[in-house]
Every structure is written in structure tokens, then in C-alpha cells.
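First the structure, in the form of C-alpha cells, and then the observations on it.
The values are calculated or read from the model by the stated rules, or taken from the named source; none is laboratory data. Source: prediction; values computed, not measured. Neighbour counts run over all protein chains shown; Cβ positions are idealised from the backbone, glycine included.
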Amino acid sequence: MRPGQAQTHAKAHTQRHRAKQVGKDARIVSHIVEGESTGTQRRAVFRPVLTSPYVVHGPRLAKADAEMLLHTLVEGLAEERTGTTVGLNAATRALEERIDAARTDAAEPPLPRILFVCEGDVENTALTAHLPMLVASYNAVVRPSAPLLLVPLAPGAELLLSTALDVRRASVVLLSTAFPSLERLLQRAASAFGPEYVASGFRVKWLDTTAALAPPRIKHVVSSTPANLNEAKAQKKASRKAHQEKKRVQRSRGS
């Protein structure tokens, strides 16, 4: 290495120097070294993995419709921010609290109405993967008079929302029925998704039917039990003792 030149490390180089000299690490390092020495080319392969049938995906929206809803939302936020919850954690917590409260109390206004998610700007989709199930669970458990809508936004929406709200990041925005420009947004959503979606909210059919706990069902099987339990225990003990004595006698005769 020439003086003044920065030293760079490849991934394989780092793995060799951090790995242990025995066990699994040693086998991994040997494969890396063998691949480098022989120049073996590798190709990507796809292996089938069984997925969960309970994965819920959010609705899809055309880019033009998403931009129309985004600009309407930004205009509403410029006028008034009442009834807004900003941030992934804050919106998740608000919906979870609503679901927990629905087990004992009726839903009280203002109710959550629209959840905007900047799907195109979230690098790790696992961070927002729970939101479709959360919204569907809210609509199934709470059963509000104004159901909750889930609206995905196109790339670039996070920058506009964070600028309008004067925050660092705004990947998720939850609007309640107290938001002043809500009716205008609902009209835009009806033209983008259809009036049925605005009326029913984001739902999952199998979740609507299983949101309530089924009543317990107890089956009875005909069986029998000794009328005198103590006497039955004594007979069983005597029978066991007689069987052991019989085996002892047989062993003594055999010897």
C-alpha cells in the first residue's frame, strides 16, 4: 500500500479477520478463501419459502390519485392541524389504545378517519408492514360509525408532509374526524378508491368474522368411575402386590 493511500477492506476480508478459528466460522472462512482462489462464479437462486396466510397487504393506488390526495392533504395542513397525529409510533399507539378501550367502552369522538402512509419513501417496508392489519383490526373490533381508511402515498410525499408540518420526518399521518378539511379529503378518496371504500373503510373479510370471541363449547363423553373410590384403590393395591409376589415365586423356582 502506497503512503497516504486509504486502506479498504472487502466484505470477505472483514469476515476472515473477525471470524473465529474453529467451528462454524472456520468453515465459512474456508469457503470464502476457496471461492477467491478458484474464482468460482456464483449466481442468485430463489428457494421457495412457505409464507403466512395471515399477511395483510394494504390497498393499491395509482400515482396520479395518490398525488391528488397528497396535495389536498398538504393544503389542509397549511390551514389547520387540529386532529392530526404525526409519526409511525404515535399513530400506532393511538390505534392500539382505541382497540383496547373498545373492549370496555364505546368509541368516543373524535375518531380516527384516514391513515396516510408514505410507502414509497420508507426504505425498510417491515417498519410499516403491521399497519394494514392494525387498521383492519381497528375497523373489525371498534366498529366505528366512521371507519378508518388506509391511504398509501407515492415517493416524495414524506418530504412534502414533513415540510408542511415543520418536522424532521413524517412517514405516517393519522387524521381524525376533528380535522377541518376532512370532508374534502373524503371526496378525493371516494373518487380515487370508490365510495364503497370510504363507507366501509379498509377491511379484511376473515378478520371481520373472527373479531369477536366464540362462546365456549363443552362436549360430554360417557365414561364411568368406581362407586367407592377407596375400595377400588385398595383392590388395585392388593392386585399389584399379588402380581409382584407371583413374579417373585416364579423367579425363585427358576433359580
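So the values come out like this:
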{"item": "Of the criteria (1) closer than 22 Å to residue 188 by Cα; (2) modelled with pLDDT under 95, which one residue 106 fails", "result": "(1)"}
{"item": "Per-region count, region 88-133, residues in a loop (DSSP other than H, G, I, E, B), among the β-branched types (Val, Ile, Thr) and exposed (fewer than 13 other Cβ atoms within 10 Å of the Cβ)", "result": "1"}
{"item": "Qualifying residue in region 149-167 (condition: among the small types (Gly, Ala, Ser), exposed (fewer than 13 other Cβ atoms within 10 Å of the Cβ) and within 21 Å of residue 186 (Cα to Cα))", "result": "no"}
{"item": "Region 183-233, subset among the aliphatic types (A, V, I, L, M), assigned to a loop (DSSP other than H, G, I, E, B) and under 28 Å from the mean Cα position of the chain (by Cα), residue surrounded by the most Cβ atoms within 10 Å (Cβ to Cβ)", "result": "204"}
{"item": "Criterion violated by residue 170 - all others in (1) more than 24 Å from residue 124 (Cβ to Cβ); (2) within 26 Å of the chain's Cα centre (by Cα); (3) not in a helix (DSSP H, G or I) satisfied", "result": "(1)"}
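Residues checked against (1) modelled with pLDDT under 95; (2) more than 18 Å from the chain's Cα centre (by Cα); (3) aliphatic (A, V, I, L, M):
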position	(1), (2), (3)
69	no, yes, yes
123	yes, no, no
147	yes, yes, no
154	yes, yes, yes
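Okay, residues lined up against (1) more than 20 Å from residue 74 (Cα to Cα); (2) out of contact with any Asp or Glu (no Cβ under 6 Å at 6 or more places or on another chain); (3) at pLDDT below 75; (4) among the polar types (S, T, N, Q):
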site	(1), (2), (3), (4)
189	no, yes, no, no
195	yes, yes, no, no
199	yes, yes, no, no
204	yes, yes, no, no
212	yes, yes, yes, no
216	yes, yes, yes, no
222	yes, yes, no, no
228	yes, yes, no, yes
